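All remarks here apply to the structure that follows.
The values are calculated or read from the model by the stated rules, or taken from the named source; none is laboratory data. Everything quoted here is computed from the prediction, not taken from an experiment. Cβ placement follows ideal geometry from the backbone for every residue including glycine, while neighbour counts extend to all protein chains displayed. Surface accessibility is based on the protein's heavy atoms, side chains included, excluding ligands, DNA and RNA. Shrake-Rupley method; radii C 1.70, N 1.55, O 1.52, S 1.80 Å.
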Amino acid sequence: DLKDGTIVKEKSYMDLTKQLYDPNCVYSKQVAEAYVNREGFASPTNYLFWCNKWGQRVYIFQGSKGNWTLIKTYKCGTGNITYGDGSDQGVGFQWKIWDKQQVFQGPQAKQYWNMHYSSPGGNSIHKGPYGHPSTHGCIALGETAVKWVFNILPINTRVVVF
C-alpha cells in the first residue's frame, strides 16, 4: 500500500508477460534498416536475422555490415516469463544458426523445420504459436515463415535477439 492509501495489486505472471511486449510495435523498413546499420551488426553470411522481442517480430535482412536491406518481416513468438526462463533470455546476444533439421513426427509423419541458433540442445527457430510470448526461449514462427527461413538462410547466419 502507498502512503496515500492506494492499494497496489500484485501483478500475475500473465500481467507481466503482457507488459513485456507491444503487438503494435512494428518498425518500418526505413527504421529497421537504420537500426541494424547504425548498430553495426555483422553476419558471416549475406543475411541477418533480427528478433525484436518487444514487438514479437523478426526482421530478415540481406547485405553486409552497415549495408543491410530488409527483405522479410514475420510475426514471432519468443520466451514467455510464465515458463520460468525469464523474459530476457537471449536478449542482447548475437548468436548464429549452427544447424538445420527436418524432423518428421506424428502418425502422418508431419514435417517440422528446426534451426538451432544458440547452443547444442539450446534455443531454436521452429514452427509454433506466434504474435505473443509463447515459448521457453525459442523463436516460434508460422509454417510459411519457418519454411522460408529454413530454405533461404544458410548455416552461420547471425541471429540477433533484442
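Note on segment 67-82: among residues that are more than 17 Å from Lys29 (Cβ to Cβ) and polar (S, T, N, Q), the one that is surrounded by the most Cβ atoms within 10 Å (Cβ to Cβ) is Thr78. Taking segment 90-146 as the region of interest, the strands (runs of 3 or more DSSP E) fully inside it that hold 2 or more residues being open to solvent by 20 Å² or more (accessible area, probe 1.4 Å), charged (D, E, K, R) and at pLDDT 80 or above are 99-105. Scanning segment 18-39 for residues that are open to solvent by 70 Å² or more (accessible area, probe 1.4 Å) and of a type in the set (D, E, K, R), we see that the one that is nearest to Asn123 (Cα to Cα) is Lys18.
I'd like the full set of residues that are within 18 Å of the chain's Cα centre (by Cα) and surrounded by fewer than 18 Cβ atoms within 10 Å (Cβ to Cβ), limited to segment 40-66.
Correct list: Ala42, Trp54, Gln62.
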